[in-house]
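Have a look at the structure below before the remarks.
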Amino acid sequence: MRYDPTSIEAKWQARWEDEGIHHAPDDDPRPKYYFLTMYPYPSGDYLHVGHWYAMAPSDAAARYRRMRGFNVTLPIGFDAFGLPAENAAIERGIHPFNWTMRNIEVIRRQLRSMGAMWDWAREVVTCDPSYYKWNQWFFLKMYEMGLAYRSLAPVDWCPKDNTTLAREQVVGDDRVCERCGTPVVKKNLSQWFLKITDYAEELLDFSKIEWPERVCLLQRNWIGRSGGVEFSIDVAGHSELSFRVFTTRPDTVYGMSFCVLAPEHPLVDVITSSDRAGEVESYRFKAARESDIERLSTERERDGVFTGAYAVNPMSGEEVPIYVADYVLLTYGTGAIMGVPAHDERDFDFAVRYGLPIPVVIAPHGWDGSPLDRAHLGDGRMVNSGQFDGLPSDEGWSGIADEMERRGIGERKVNYRLHDWLISRQRYWGTPIPIVYCDRCGTVPVPYEDLPVRLPEDAEFRPTGESPLRYHEGFLNVACPSCGRAAARETDTMDTFVDSSWYQYRYLDPRLDGAPFDPASAARWLPVDQYTGGIEHAVMHLLYTRFWTKAMRDMGLIEFDEPMLRLFNQGVILGPDGNRMSKSKGNVVNPDEFVAAYGADVLRAYLMFIGPWDEGGPWNSRGIEGVARFLRRVWAVVTGEGGGEAGASHATSERELEYWIHRTVQRVTEDIERFQFNTAISALMEFTNVLQRTSGTPLRRHPLWEEAVESLVLLLAPLCPHIAEELWVEHLHRPYSVHTQGWPAFDPGKATAEQVTLVLQVDGRVRERVQVPSGITDAAAREIALESPRVRQFLASRTVVDVIVIPGRLVNVVTR
RNA sequence: GCGGGCGUAGCCGAACUGGUAUAGGCGCCAGACUUAGGAUCUGGUCGGCGCAAGCCGGUGGGGGUUCGAGUCCCUCCGCCCGCACCA
């Protein structure tokens with residue numbers, strides 16, 4: 001009987017599902033293991049091989065854990081809200097719910113065809129009211145805690161479609177609307193924010209999680225902590241006017257030769273002198289437009305305009321001009337800076353351009369007092385700094401900070417690049433924000449008992465892309481929960497990253513009605529032991545879910561601080577042309593055709609075999625044939641059909657067969673532990689080749705042979721679950737199921753070959769290789785080397801000065 | 001510009017802490033078997049010289065440390081990915 005993947009895969013998938021062997025019960029006595037892989041976003045109507053590339057090895061790792069004796073859950077669900085569904089509705093007149101559920105149906109079938117151990121009982125679909133109700137619940141909790149607030153903020157706005165755009169709807173380097181190609185502008189709107197900045201400091205602490213250093217670094221940079229001093233600067237001639245600046249270099253304050261306000265800074269209107277008003281106004285207009293067109297060039301000239309006003313240096317009393325320039329951002333620090341050209345490159349360029357003085361206050365090492373030709377960022381001693389002269393700059397730093405604090409003009413402060421999380425989307429297909437606006441009571445949260453605030457089903461999708469919620473009378477008009485009078489609902493919905501911030505909690509019991517999750521089962525299952533997914537989520541999703549967990553902890557719902565203990569980022573599978581797969585490029589590879597041609601096991605193994613999991617690479621369908629051959633060979637070896645000829649690499653003794661068994665168990669175990677599936681499969685290929693070549697020898701009838709094929713099937717089980725089950729049950733006649741068996745153990749002693757190759761070198765060059773017993777002593781190895789005729793030949797007229805012995809591997813005889 | 005990663009055969013890749021470079025697979029070449037096969041099996045496959053044993057060279061280029069470097073250090077080249085005026 002030949003290996004026929006199609007029939008055996010369907011058969012076992014049906015049986016596994018009937019018997020529910022992939023559901024991990026809460027009350028199982030084994031230690032728990034929560035394996036989470038990022039849930040798919042059904043933005044298209046099927047999964048491509050890139051999804052399989054992420055999921056199949058995750059499944060293999062989860063199955064391996066289960067064979068190691070853990071009660072493993074591998075849940076799955078759908079990140080079902082988001083723009084593509086809404087666009088489909090606008091373009092094709094299909095309701096987003098129907099469009100999404102239709103895609104999910106197709107994807108569910110694909111996920112089943114993978115033969116993964118999905119714990120379907122835990123499935124979550126985020127666009128279901130039973131899910132998004134809890135987004136609203138969390139929002140209200142955060143509102144009560146002061147973590148959710150409303151504020152005026154600029155959003156991207158398409159002037160042609162007359163609507164706001166989400167970040168992902170703004171495309172291209174020139175920032176145009178993805179629908180109509182019109183350049184996007186900023187517009188100020190009242191928006192809801194979550195106060196992630198409250199957790200900025202804690203989010204910088206990665207000590208409780210084992211995440212890739214790269215991800216931690218990305219998050220660290222994204223949070224962008226910088227410590228400095230914020231202080232007040234008075235406007236000369238206006239005793240009542242002052243502004244605040246932030247600096248990380250208070251030690252350079254005596255070197256200030258100008259100040260800069262951001263173009264949007266509110267003080268600009270107040271201080272600009274009448275003769276400068278025209279120029280300042282046109283600069284601000286230009287800046288407003290330019291800041292919205294992405295600033296492409298790094299070589300961009302740093303320009304600005306003088307306001308006509310002067311600032312007083314609080315330390316030296318000196319008066320310096322105040323400029324407006326767009327290299328200062330309103331959104332960072334205080335929106336105003338002190339300009340210290342001698343010690344800041346940007347300020348240096350600006351000063352050179354406008355002929356401003358460049359006073360040196362930190363003397364570079366070996367400085368001769370002449371003007372600097374570029375900003376000096378070093379740590380010399382302070383000069384021209386009044387009482388601080390002569391101090392090393394780090395002492396000057398704290399000295400000046402102390403002095404400012406003592407005089408009450410400034411204080412030490414930490415700034416973050418991280419902004420609060422803007423969750424408002426002017427969209428239909430998302431979670432409605434549970435807020436009501438009442439003329440009399442103001443902003444009123446929807447009472448918990450009225451949740452969920454449901455999306456109306458009879459929404460009318462306009463070709464302009466405006467949210468149907470804004471025009472839906474039935475949704476919009478509501479009685480104020482507080483006073484009962486006519487009031488209006490918030491029509492914004494939540495960012496879909498809200499959904500994915502806590503989905504791993506909802507997986508515990510997606511049907512639970514009274515709470516987002518049961519604290520007892522959370523205590524049992526969480527945090528997630530292993531998370532897998534793409535690096536593209538390093539600073540959005542992975543930061544938000546950490547924030548959410550910390551907020552939940554502060555709500556008293558859980559007692560841990562981090563959502564996922566370990567993280568692995570797999571690489572990206574590109575199209576055959578080397579580009580990212582996309583429908584518009586026509587390079588999307590559908591796994592279904594390969595499942596039909598070769599079976600899921602072959603596709604799974606091939607995806608794991610092509611290279612290191614974290615590297616990805618272009619899809620290439622040529623090599624899949626080799627993996628198909630491998631599984632056919634496994635089939636032949638285990639079923640006893642088609643024995644090979646005795647060749648060069650076959651086990652010739654019991655001891656050798658035993659060695660191959662233990663060595664392979666060791667290699668596969670260690671490789672799967674490290675997610676090195678490609679080498680695990682290589683090891684299984686080698687083992688299979690050895691067994692095939694041994695099958696024509698008398699060892700075929702030795703009891704060890706049974707152990708060998710049994711080990712092969714067990715080691716293969718996590719990677720290729722169907723063929724392993726078929727061989728285990730139908731050909732080895734072992735009890736169902738191979739997937740509930742224990743993982744084979746190896747004996748390190750037996751995993752060592754009886755004979756090893758000892759390399760003999762003279763002066764680092766290989767001269768001879770000899771077979772020696774593996775436990776050979778260093779003294780014996782040394783003796784073998786020195787007595788080897790080949791070695792002696794090369795030692796002829798030389799003096800041996802040293803002999804280096806690497807136990808059981810190498811002897812290097814050093815001469816000269 | 002700053003930060004991070006990578007560069008090994010015709011191709012994908014292996015080589016844990018410096019110790020046989022190129023395992024495994026694809027492709028290619030030769031052979032066996034076969035009525036046929038989406039086949040299967042065996043052998044070969046880094047380059048140069050040599051009938052051969054073997055010698056020499058070789059992990060993007062150059063230099064260094066070391067008995068010994070794909071691996072460590074310096075430098076240059078090339079590719080990829082983040083951040084991009086964050087005061």
If you take the residues in region A:329-342 that are modelled with pLDDT of 90 or more and either on the phi < 0 side of the Ramachandran plot or charged (D, E, K, R) (or both), which one is nearest to RNA strand B (Cβ to nearest atom)? A:ILE337
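Only one of A:GLU706, A:GLU726, A:GLU730 is in contact with a helix residue (DSSP H, G or I) (Cβ under 6 Å, 6 or more places away or on another chain) and more than 16 Å from RNA strand B (Cβ to nearest atom). Can you tell me which?
Details: A:GLU706 fails: in contact with a helix residue (DSSP H, G or I) (Cβ under 6 Å, 6 or more places away or on another chain); A:GLU730 fails: in contact with a helix residue (DSSP H, G or I) (Cβ under 6 Å, 6 or more places away or on another chain).
Going through A:GLU706, A:GLU726, A:GLU730 in turn, the sole match is A:GLU726.
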From the list A:GLY556, A:GLY514, A:GLY534, pick out the single residue that is touching a residue at least 24 places away in the same chain (Cβ under 8 Å), among the small types (Gly, Ala, Ser) and surrounded by fewer than 17 Cβ atoms within 10 Å (Cβ to Cβ). A:GLY534
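Could you grab me the full set of residues in region A:309-328 that are in a loop (DSSP other than H, G, I, E, B) and away from RNA strand B (no atom under 12 Å from the Cβ)? Give the derivation first.
If we filter region A:309-328 for residues that are in a loop (DSSP other than H, G, I, E, B), which is where we start, we get A:313-318, A:326-328.
Those that are in a loop (DSSP other than H, G, I, E, B) and away from RNA strand B (no atom under 12 Å from the Cβ): A:ASN313, A:PRO314, A:MET315, A:SER316, A:GLY317, A:GLU318.
Quick check: is even one residue across region A:54-67 assigned to a loop (DSSP other than H, G, I, E, B) and not small (Gly, Ala, Ser)?
Initially, region A:54-67 is screened for residues assigned to a loop (DSSP other than H, G, I, E, B), giving none.
No, region A:54-67 has no match at all.
Can you work out which of the residues in region A:793-816 that are away from RNA strand B (no atom under 11 Å from the Cβ) and in a loop (DSSP other than H, G, I, E, B) is modelled with the highest pLDDT?
Taking region A:793-816 as the starting set, the residues that turn out to be away from RNA strand B (no atom under 11 Å from the Cβ) are A:795-800.
Next, only the ones that are in a loop (DSSP other than H, G, I, E, B) stay: A:796-799.
Working: A:ALA796: 79, A:SER797: 77, A:ARG798: 81, A:THR799: 86.
Of everything passing the filter in region A:793-816, A:THR799 is modelled with the highest pLDDT.
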Evaluation of A:ARG629 against (1) more than 8 Å from RNA strand B (Cβ to nearest atom); (2) more than 21 Å from A:HIS48 (Cβ to Cβ); (3) surrounded by fewer than 19 Cβ atoms within 10 Å (Cβ to Cβ); (4) modelled with pLDDT of 90 or more (one fails), failing number: (1)
Take the residues of region A:444-456 that are under 16 Å from A:ARG150 (Cα atoms) and in contact with a helix residue (DSSP H, G or I) (Cβ under 9 Å, 6 or more places away or on another chain): which is surrounded by the fewest Cβ atoms within 10 Å (Cβ to Cβ)? A:PRO445
Please determine whether any residue of region A:772-792 is in contact (Cβ under 8 Å) with a residue 40 or more places away in the chain and within 10 Å of RNA strand B (Cβ to nearest atom). no
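Residues that are of a type in the set (A, V, I, L, M, F, W, C), at least 1 per element: which helices (runs of 4 or more DSSP H) completely within region A:501-576 meet that? First the steps, then the outcome.
Values: elements: A:503-506, A:519-525, A:541-554.
Filter on region A:501-576 gives A:519-525, A:541-554.
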Determine the pairs where a residue that is closer than 19 Å to A:ARG798 by Cβ and among the charged types (D, E, K, R), located within region A:753-771, has a partner that is more than 9 Å from RNA strand B (Cβ to nearest atom) and not in a strand (DSSP E or B) with Cβ atoms under 7 Å apart, the partner being 6 or more residues away or on another chain. A:ARG767/A:VAL791; A:GLU768/A:SER788; A:GLU768/A:VAL791
Any chance region A:344-366 includes a residue that's away from RNA strand B (no atom under 15 Å from the Cβ) and at positive phi? yes
If the requirement is being within 8 Å of RNA strand B (Cβ to nearest atom), within 25 Å of A:LYS11 (Cα to Cα) and not in a loop (DSSP other than H, G, I, E, B), which of these qualifies: A:ALA605, A:ALA636? A:ALA636
Please verify whether A:PHE306 is farther than 20 Å from A:ASN384 by Cβ and more than 7 Å from RNA strand B (Cβ to nearest atom), treating the condition exactly as stated. yes
Of the criteria (1) within 9 Å of RNA strand B (Cβ to nearest atom); (2) of a type in the set (Gly, Ala, Ser); (3) surrounded by 14 or more Cβ atoms within 10 Å (Cβ to Cβ), which one A:GLY764 fails: (3)
Given the options A:TYR46, A:TYR3, A:TYR33, name the one that is outside any helix (DSSP H, G or I) and at pLDDT 95 or above. A:TYR33
Criterion violated by A:TRP502 - all others in (1) open to solvent by less than 30 Å² (accessible area, probe 1.4 Å); (2) more than 13 Å from A:TYR132 (Cα to Cα); (3) in contact (Cβ under 8 Å) with a residue 24 or more places away in the chain; (4) in contact with a helix residue (DSSP H, G or I) (Cβ under 7 Å, 6 or more places away or on another chain) satisfied: (2)
Between a first residue in region A:678-693 that is open to solvent by 30 Å² or more (accessible area, probe 1.4 Å) and a second residue that is more than 6 Å from RNA strand B (Cβ to nearest atom) and not in a helix (DSSP H, G or I), which pairs have beta carbons less than 7 Å apart while being 6 or more apart in sequence or on different chains? A:ASN689/A:SER649; A:ARG693/A:ALA646; A:ARG693/A:SER649; A:ARG693/A:HIS650
The correct count of residues that are away from RNA strand B (no atom under 16 Å from the Cβ), in contact (Cβ under 8 Å) with a residue 40 or more places away in the chain, open to solvent by less than 40 Å² (accessible area, probe 1.4 Å) and out of contact with any Phe, Trp or Tyr (no Cβ under 9 Å at 6 or more places or on another chain) in region A:198-246 is 1
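The values are calculated or read from the model by the stated rules, or taken from the named source; none is laboratory data. Computed from a predicted model, the values in this text were never measured in an experiment. Positions of Cβ are backbone-derived with ideal geometry, glycine not excepted, and every protein chain shown enters the neighbour counts. Just the protein is used for accessible areas: all its heavy atoms, side chains included, with ligands, DNA and RNA removed. Shrake-Rupley method; radii C 1.70, N 1.55, O 1.52, S 1.80 Å.
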